[in-house]
Structures are given as C-alpha cells and as structure tokens.
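The values are calculated or read from the model by the stated rules, or taken from the named source; none is laboratory data. Since this is a predicted model, take the numbers as computed values, not measurements. A quick note on method: Cβ atoms are made from the backbone with ideal geometry, for glycine too, and the neighbour counts reach across all protein chains shown.
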C-alpha cells in the first residue's frame, strides 16, 4: 500500500468512488478467503451504523431503535452503499463471506426471540385467548382474500411472477406476504414501547406468532407445489405442530429443575447458562430442520422456561449480547439482499402503491375489526391494528426465499420490500397516536424505556 500517495481527502473520496488507491489497497488486503478479517470489519461497520441510524430515527422521527437498525441494514446493502460505491460495498461484504454473517444473524434473532418467550405472560394470554384467536384468524383470512382479488391483476404484468406459475400458487404466496407480521420486529417494538407485561402486548405478540407460523406453513405448501415436493409441506406443518405440542405439554415440567437450581444458589451459574443455551440451540435446530424457522424454536422454548430469578438472570446475561451485538447482523444480512431501485416506472410505482394500501387495509384493518368484535375498546383495537400491521425483516426473509426459488421477479420483490419498510415505520408512530400517548398520560403505561436515560438508543 502506497501511503505517500494517499491523503485524507483521497481516503474520503475513495470511500464514495471506490476507484482510488485506498479502495484498491483495501480490496487487495482483504481477500475473499480471509473470512475473519472481513467479519470483524463488517461487524464494526454494522454496529456503528445501526447505533447511529437508530439514534437518528429515535431523535428525529420518533422511531424505536429497532426500526433504525432495519433501515441501517438496507443502507449497508446495494440500495445505498452499493449505489454510491458498488466496489467498496462488495469489498466489505463479498458474497463469499455472507454465510458467516448469516449464521450470526440467525443466532442473534433466535436468541432474542428466546428471551421474548421468557417474558410472555401466560395469564394474560388465557384472559385474552378469545381476542388473540380472533385477531390472528382475521389477520390471516383478510390478507388471503385481498391476495385472491389482486393477484390476477399482478399476473397480467410481465416479470412480477415467474413465467408459468399457477394463479393458486401466486395467490398463496401473496397472501402469506400480506398476512405476515414481523414477529421479531413486533417483539422489539413491544419491549421498547413498554408493553411487554401488558395484556395488549401479549395479545399482539401471540396473534403475530400464530400469523407468522401460518404464513411459513403456506410458504412450505407453495414450495412443495413449485417443485420441492409434498414432503416439504408435510414435514413443516407436522413437525412444527408436533414439536410445539410436546414443548407446551411437557416442557415446563422437564425444565423446572433448572429454575430450582438458580433459586437455591441465588444466581445463574455458567453451567446452568451453558445448558440453557444448548437447549435453545437444539430447539432452534429442530424448527429449522422441519422447515419452519429457527426463531419459532427459540420462542416456543422460552415460553416454558422457569420464571422468577431464572428468567431475570437469563435476561441479564444474554440480552446485551443478543440485542447489541448479534441482532443487528440479522437486519444487515437481509438488507444485503434488498434492492430499492427496481421500481423504476410509473406503472410499477402505481402497482407498488396499490400493494401497500391493500396490505395495510387487509392486515391492520382486519385485526382492528376483529379486536373490536371480541370486546376490546376502540383505542385498544386501534393499537392492536397498528402493531399487527408491522412486517419488517421477516417479510424480507420470506420474499427473499420467493426470489431465490424463482416464484417472484425482482420488481415485485422490490415492491414488497417497500411495503415492509413503510408498514414497519408506520407501526410505532401510529400506535403512539391512537393508544400510547393517552395511555402514558393517564398512567396506564410508563414512559418509553430509554427516553430518560437514553440507554435504549
């Protein structure tokens, strides 16, 4: 590397042009095989970008940290960094290293959902079971009905779906995309809005979990019909339901000795922590292996973990690592597969707007009506509708699968990315408008965690 020919201005210029001596030196230094070198550089950039964009979103747009992290992930991909400097972007995030980033991403989101499961208030779920079931069912049926109406129109536009795809498969895929609630994103928003211990938070999270699981099962059916074979769907649905039933029926009794050990010793030892993390990994593996998703394995196991001191110690030891270090990798990995420059004509923009409006009405509107019909007051029902309409990065995962398997084309993929980002950014401000502000003013909810101390930013 010729340091004599590189100035500070040249370094800054190279960062955006990626054609000067500095960027060429970086490309030469970091060969694709040097995974560890790439990984540490990627992680440093991910953490700094997520913290910065999260803080800016919280400070100026009233968005929770998690939404900033989602947007930061897209910024680091081809949509912004790759657009400004494609050489620099591919130098920092070469395709050869993405498998390492993917593994860290899955560990981060899985651990977080495991922790979310340990906070689920089963007493709230029992008292709100009727409302949760109604909201979940409405959040599935209405999106599939809307998909049934709009898919024939989308099939008329060349390139949105794969050539030769049947209307049934296209409708099922669109229905799954619209019905999806961003389970990890919803959990972060619920925690950051101070709703984790409320009946509204439990109802929304439970309904979101059911809707996501249903969407993944439908995706398994589409993949089976698209060439993967019926075994994919049978394994996903049968294996997922069977494992969940086993955990719900026997998990609490089998895991209770861990809670007694922690209570007796007054803290969680490294041995108990190691056993707990190993059980999480096994649960995530089972749900991934059957074709659902690892996050559901973590969440289901978390719901039957011992409460009290055990849950408090587990959160204290694991949450900082999962939230600060690992979870941003999940958002960045998805952002690396996101292109925002594909909707490039008036017709496609009109279609994208129509898909967005239809998705909001189908999901948010249907969940609101279901909550009202289940006896919830208008303000609570509006809050549920706002939260359930968030789709986030789970949407990006499912549409990435659709793109990789050849179900949808790049243009429809980009429209669904836009829908995911807009509905997610809507969630927190809309929730505060229709529910949060009045509830905090009346004392029903406390201040948003982190507003005073700033630790959440």
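A few remarks follow.
So that you can scan it fast, the table gives a plain yes or no per residue for (1) modelled with pLDDT of 90 or more; (2) part of a helix (DSSP H, G or I); (3) in contact with a strand residue (DSSP E or B) (Cβ under 7 Å, 6 or more places away or on another chain); (4) surrounded by 21 or more Cβ atoms within 10 Å (Cβ to Cβ):
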| position | (1), (2), (3), (4) |
| --- | --- |
| 423 | yes, yes, no, yes |
| 440 | no, yes, no, no |
| 446 | no, no, no, no |
| 454 | no, no, no, no |
| 457 | no, no, no, no |
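- Filter result for the condition that a residue is out of contact with any strand residue (DSSP E or B) (no Cβ under 9 Å at 6 or more places or on another chain) and buried (at least 23 other Cβ atoms within 10 Å of the Cβ), over 204, 166, 199: 204
- Which listed residue, of 352, 322, is in contact (Cβ under 8 Å) with a residue 12 or more places away in the chain, surrounded by 19 or more Cβ atoms within 10 Å (Cβ to Cβ), more than 20 Å from the chain's Cα centre (by Cα) and over 22 Å from residue 86 (Cβ atoms): 352
- Single match in 53, 66 (criterion: in a helix (DSSP H, G or I), under 16 Å from residue 423 (Cβ atoms) and in contact with a helix residue (DSSP H, G or I) (Cβ under 7 Å, 6 or more places away or on another chain)): 66
- Residue list for the stretch 351-404, filter: part of a helix (DSSP H, G or I) and out of contact with any helix residue (DSSP H, G or I) (no Cβ under 8 Å at 6 or more places or on another chain): 353, 357, 404
- Members of the stretch 131-163 found to be surrounded by fewer than 18 Cβ atoms within 10 Å (Cβ to Cβ) and part of a helix (DSSP H, G or I), listed by number: 133, 137, 141, 145, 148, 149, 152, 153, 155
- When the stretch 237-266 is limited to residues that are farther than 12 Å from residue 286 by Cβ and surrounded by 15 or more Cβ atoms within 10 Å (Cβ to Cβ), the one that is nearest to the chain's Cα centre (by Cα) turns out to be 237.
- Residue check for residue 104: touching a residue at least 24 places away in the same chain (Cβ under 8 Å), under 18 Å from the mean Cα position of the chain (by Cα) and under 24 Å from residue 203 (Cβ atoms): no
- Helices (runs of 4 or more DSSP H) lying entirely in the stretch 218-327 (those with 1 or more residues that are closer than 25 Å to residue 100 by Cα and in contact with a helix residue (DSSP H, G or I) (Cβ under 9 Å, 6 or more places away or on another chain)): 270-290, 294-303, 309-320
- Applying the condition of being farther than 17 Å from residue 79 by Cα and touching a helix residue (DSSP H, G or I) at 6+ places or on another chain (Cβ under 6 Å) to the stretch 405-421 and asking which residue is surrounded by the fewest Cβ atoms within 10 Å (Cβ to Cβ) yields 407.
- Residue 348 being in a helix (DSSP H, G or I) and more than 20 Å from residue 196 (Cβ to Cβ): yes
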